[in-house]
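*Asks:* Here it is, the structure in full.
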Amino acid sequence: MTQNNYQGALQQPTGSGFNATSTVGDVIKGINLTGKIVIITGGYAGIGLETTKALATAGATVIVPARDTEKARKNLQGIANVELEAMDLINPDSINAFTEKFLASGRPLHLLINNAGIMWVPLRRDTRGIESQLATNYLGQFQLVARLWPALKKANGARVLNVSSFGHQMSPFNFDDPNFENREYQTLLGYGQSKTASNLFSVELDNLAKAFNVRAYALHPGAVYGTDLGREEPIALFQQMGTHDADGIIKKEVAEKLKSIPQGAATTIWCATSPLLDTIGGVYCEDSDIAELDLGNIEHKYDEPWTLRGVQPYSLDEENAKRLWKLSEEMTGITFRVN
């Protein structure tokens, strides 16, 4: 029996009964999360907020670490079972402060959802000199999981969800120059490699953590309308992809094909709660099921969002996954021993 998803060995849809049109309400129906502790980054906007609402309504205690606590407090108002904390994923000290406070509470962590991310940003670097999309979308995930590992292990049945993207298809991980020090910066290449990194991390984390009853997953929410992920997007890029008109407005026929926010959050909820994943991990999911391995057999059209599916084998590669783990330890200064 295959025990890991290296090279996409487990990338076979389960026949979950859900699809691209399924919503959070469909997926969480009948699920009771009373007594479960959840941490979700970015859980106060877009699909993250939708995820928070669903998990809290199902009985979980949901902790939302937020960069913008004022916005988070406003958006989370009136939702029961939610705790708000301050944290900025691009700031390692901020991550350490948040995780130390949580660990001091002595609580187990049943579900860690690395949902927060950035996209379409110009070249920026954090205090360590690391490119901002890599720092925020991936290295922040790595640090958060590493620091919270004792609480995940304590749960004796935890899941780690790394919200990735079809954008991983835009770039493999560039081990020679991850921070664009010797090559021209292109925002989509930076985004793509950060999401490839999330996929590779999920594969390796699951392989190491399953012995402690912790499973890991990467997931693509789909092309979702109405989030603030693209708040800094250069409209010219969307125009080149054929999704926006000459005035920079999304074409009506494209907008109508995008997922709603409740549909966009459905795969997160499925990965978090589905019993179909009780004995499988390290897989990349989409449309509330395990995704198909993309071996060049899927035609992708940006003006047909439903075609933006499948997972690239390079983002599930064993050698790349192990190499990235070591590089992540070097870049963060954290030795993450899963034991």
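*Asks:* Considering only segment 139-171, state which residues are polar (S, T, N, Q), touching a residue at least 60 places away in the same chain (Cβ under 8 Å) and surrounded by fewer than 24 Cβ atoms within 10 Å (Cβ to Cβ).
*Replies:* GLN143, GLN169
*Asks:* Shifting gears a bit: Report, ordered by the first and then the second residue, all pairs with beta carbons closer than 7 Å, sequence separation of six or more or different chains, a first member in segment 172-190 that is without any contact (Cβ under 8 Å) to a residue 24 or more places away in the chain, and a second member that is in a helix (DSSP H, G or I).
*Replies:* Close Cβ pairs (under 7 Å, with a partner that is in a helix (DSSP H, G or I)) amount to ASN174/GLN193; LEU189/MET170.
Residues checked against (1) in contact with a His (Cβ under 6 Å, 6 or more places away or on another chain); (2) closer than 19 Å to ASN199 by Cα; (3) modelled with pLDDT of 95 or more:
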| residue | (1), (2), (3) |
| --- | --- |
| MET119 | no, yes, no |
| ARG125 | no, no, yes |
| GLY129 | no, no, yes |
| ALA135 | no, yes, yes |
| LEU139 | no, yes, yes |
| PHE142 | no, yes, yes |
| TRP149 | no, yes, yes |
| LYS153 | no, no, yes |
| ARG159 | no, yes, yes |
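*Asks:* Among (1) crowded, with 21+ Cβ neighbours inside 10 Å; (2) at pLDDT 95 or above; (3) over 22 Å from GLU330 (Cβ atoms), there is one condition GLN193 misses while meeting the rest; what is its number?
*Replies:* With (1) crowded, with 21+ Cβ neighbours inside 10 Å; (2) at pLDDT 95 or above; (3) over 22 Å from GLU330 (Cβ atoms) applied to GLN193, the lone miss is (3).
*Asks:* Answer with yes or no whether ALA45 is in contact with a Leu (Cβ under 6 Å, 6 or more places away or on another chain), surrounded by fewer than 23 Cβ atoms within 10 Å (Cβ to Cβ) and either under 30 Å from GLU181 (Cα atoms) or of a type in the set (Gly, Ala, Ser) (or both). First the steps, then the outcome.
*Replies:* Details: in contact with a Leu (Cβ under 6 Å, 6 or more places away or on another chain): no; surrounded by fewer than 23 Cβ atoms within 10 Å (Cβ to Cβ): yes; either under 30 Å from GLU181 (Cα atoms) or of a type in the set (Gly, Ala, Ser) (or both): yes.
Here the answer is no, as ALA45 does not meet what is asked.
*Asks:* PRO172 fails exactly one of the following numbered conditions: (1) more than 30 Å from GLU50 (Cβ to Cβ); (2) part of a helix (DSSP H, G or I). What is the number of that condition?
*Replies:* Failing condition for PRO172: (2).
*Asks:* Same structure, new question: Going by what's in this entry, would PHE201 be described as at pLDDT 95 or above and part of a loop (DSSP other than H, G, I, E, B)? Before you say what the answer is, go through the steps one by one.
*Replies:* On the way: at pLDDT 95 or above: yes; part of a loop (DSSP other than H, G, I, E, B): no.
So PHE201 does not fit the description; no.
*Asks:* Yes or no: segment 115-134 includes at least one residue that is more than 16 Å from the chain's Cα centre (by Cα), within 17 Å of ILE334 (Cβ to Cβ), touching a residue at least 60 places away in the same chain (Cβ under 8 Å) and surrounded by fewer than 21 Cβ atoms within 10 Å (Cβ to Cβ).
*Replies:* yes
*Asks:* Among the listed residues VAL27, VAL82, which satisfies the condition of being of a type outside the set (Gly, Ala, Ser) and crowded, with 24+ Cβ neighbours inside 10 Å?
*Replies:* Details: VAL82 fails: crowded, with 24+ Cβ neighbours inside 10 Å.
After applying the criteria, what remains is VAL27.
*Asks:* For segment 269-292, state whether one or more residues are surrounded by fewer than 22 Cβ atoms within 10 Å (Cβ to Cβ) and farther than 25 Å from ILE39 by Cα.
*Replies:* yes
*Asks:* At least 1 residues that are modelled with pLDDT of 95 or more and of a type in the set (Phe, Trp, Tyr) in each: list the helices (runs of 4 or more DSSP H) lying fully within segment 216-320 that qualify. Walk me through how you get there before you give the answer.
*Replies:* Working: elements: 235-241, 252-255, 261-264, 266-273.
It comes to 266-273.
*Asks:* If you don't mind, there's one more thing I want to ask. Which members of segment 108-139 meet the condition of being among the β-branched types (Val, Ile, Thr) and part of a loop (DSSP other than H, G, I, E, B)?
*Replies:* ILE118, VAL121, THR127, ILE130
The values are calculated or read from the model by the stated rules, or taken from the named source; none is laboratory data. These figures come from a predicted structure and were not determined experimentally. Glycine also receives a Cβ, built like all others from the backbone with ideal geometry; neighbour counts cover every protein chain displayed.
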